[in-house]
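Engineer: Here it is: the structure, laid out below.
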Amino acid sequence: MGYELYKKDCVKIYLLNEVVNEKTSGIEVYLESDGMERNFLSIRKEGSDTYQFNNFIVTEIPSENCIMFKPNVVGCPAFIMITSDKDIEIEVIRNGATAVDRCFSMLAGEVKVEFAPENYTKYNLYVNQIMTAYGEEEIQSMVSDTQQTLHEVQDDTKNLLSDITATNTEIENEKKKKEQLISEKESLSAEHESLALDVKTLSSDIEKLETDKQKLTDDKKSLTEKLDKIKIEYDKDYSVYKDEIEEIKRNYNVDAEILKYYEDKDVNSIEELIDKAKKDIELIEEQIRVFVDAKARKTAEIESELKLGKKE
């Protein structure tokens with residue numbers, strides 16, 4: 001079975017200069033509809049690089065030194081007979097593509113490129129070496145060289161496969177290292193977040209401690225001031241105030257009558273004023289009692305210690 005070739009696929013033969021200018025190579029084209037072979041030079045259109053030959057579009061590409069045959073439709077059987085004193089390269093490029101789909105490397109001599117249509121949908125392309133310009137010894141040498149090249153290619157392939165295996169192993173190792181680094185990074189990120197939370201908590205605790213410390217300091221100051229006031233009051237001789245308090249109490253009824261006189265002339269009711277005066281007197285009496293009792297206890301303790309000292 002031949003190589004499948006469809007309409008508008010391109011067959012490129014790299015012999016343009018040798019056929020047209022040097023004339024060291026020749027091309028004959030045959031169409032079954034013509035029933036005869038034609039020399040390629042006879043179908044060329046002077047002054048044009050692209051022209052039609054039956055159902056083929058022929059294009060000459062001097063920059064690539066090639067002649068390109070492209071079937072517009074799948075028509076009658078056809079072939080191209082190439083005669084060359086140099087090795088021949090024939091390439092096939094699919095319609096719309098730029099890369100070579102198939103390459104035929106042929107020896108110097110005669111090469112036949114045959115287009116065999118199938119159901120008018122495709123050609124079966126056959127590229128055959130009809131004869132070669134090389135002698136038997138040259139062919140044997142070429143075969144030997146080809147075999148040597150094959151062995152070298154096989155060795156190169158083995159080395160390449162070994163290199164690929166080693167490279168793949170290295171890639172896998174690098175992937176594992178990458179995965180390990182990613183895992184370590186994620187672990188460090190989690191640890192960093194945990195530490196950041198701890199720092200935030202500690203900062204909050206420190207701030208609370210500072211607040212508590214300040215409150216205790218303020219409380220201590222307040223208590224110290226209160227103790228100082230108590231000490232001052234304690235050091236006073238409250239017994240001297242008893243007479244003053246008694247005097248206030250004796251005069252209280254007279255003062256109350258005077259206050260009652262002004263009850264309609266003041267915003268506050270007399271009852272409130274009298275009640276406040278009573279409470280103030282009670283507070284004064286309570287404070288005198290506390291300090292007098294405290295001093296009495298202190299005096300009793302001192303006298304007790306003195307008595308004990310005399311007995312000893």
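Engineer: Got a sec to turn the phi values of region 281-286 into Karplus ³J(HN,Hα) couplings, 6.51 cos²θ - 1.76 cosθ + 1.60 with θ = phi - 60°, whole Hz, x for Gly and Pro?
Structural biologist: Result, rounded to whole Hz: 5, 5, 5, 5, 4, 5.
Engineer: Still on this model: Quick one: net charge of ILE13's neighbours, Cβ under 13 Å, K/R +1, D/E -1?
Structural biologist: -3
Engineer: Under 5 Å between amide hydrogens, which residues at least 5 positions from THR24 or on another chain qualify, with H placed 1.01 Å from N in the peptide plane?
Structural biologist: Amide H to amide H, under 5 Å and 5 or more residues apart or across chains, THR24 pairs with nothing.
Engineer: Okay, next question. Below 11 angstrom from the Cβ of ASP212, what's the summed charge of the other residues (Lys, Arg +1; Asp, Glu -1)?
Structural biologist: -2
Engineer: For LYS200, give me every one of the lysines with a C-alpha distance below 29 angstrom, ignoring sequence neighbours fewer than eight places off in its own chain.
Structural biologist: LYS185, LYS208, LYS213, LYS215
Engineer: Here's another thing I want to ask about it. Using a 1.4 Å probe over the heavy atoms of the protein chains, calculate the carbon and sulfur portion of the accessible area of region 19-63 as a whole percent.
Structural biologist: The C+S portion of the solvent-accessible surface of region 19-63 is 44 percent.
Engineer: Among the lysines, which fall within straight-line cross-link reach of LYS86, defined as a Cα-Cα distance under 21 Å, with same-chain neighbours fewer than 8 residues apart omitted?
Structural biologist: Straight-distance partners of LYS86: LYS12, LYS23, LYS112.
Engineer: Can you work out ³J(HN,Hα) from phi for every residue in region 80-92, in order, using Karplus 6.51 cos²θ - 1.76 cosθ + 1.60 and θ = phi - 60°, giving whole Hz and x for Gly and Pro?
Structural biologist: Once θ is set to phi - 60°, the couplings for region 80-92 become 10, 9, 10, 10, 8, 8, 9, 4, 10, 10, 10, 10, 10 Hz.
Engineer: Then there is this: Give the ranking of THR59, THR167 by solvent-accessible surface, highest area first, calculated with a 1.4 Å probe.
Structural biologist: THR167, THR59
Engineer: Explain nothing, just compute: Karplus ³J(HN,Hα) = 6.51 cos²θ - 1.76 cosθ + 1.60, θ = phi - 60°, for every residue of region 195-204 in order, whole Hz, x for Gly and Pro.
Structural biologist: In residue order, the calculated couplings are 5, 4, 5, 4, 4, 4, 5, 4, 4, 5 Hz.
Engineer: Sticking with this structure for a sec: Can you give me the distance in nm between label points at LYS175 and ASP49, each placed 7 Å from the Cα along the Cα-to-Cβ direction?
Structural biologist: 4.8 nm
Engineer: How much net charge surrounds HIS192 when only other residues with a Cβ under 15 Å from its Cβ are counted (Lys, Arg +1; Asp, Glu -1)?
Structural biologist: -3
The values are calculated or read from the model by the stated rules, or taken from the named source; none is laboratory data. Only a predicted model underlies this, so the values are computations on that prediction, with no experimental measurement involved. A quick note on method: Cβ atoms are made from the backbone with ideal geometry, for glycine too, and the neighbour counts reach across all protein chains shown. SASA here: full protein model, heavy atoms, side chains in, ligands and nucleic acids out. Shrake-Rupley method; radii C 1.70, N 1.55, O 1.52, S 1.80 Å.
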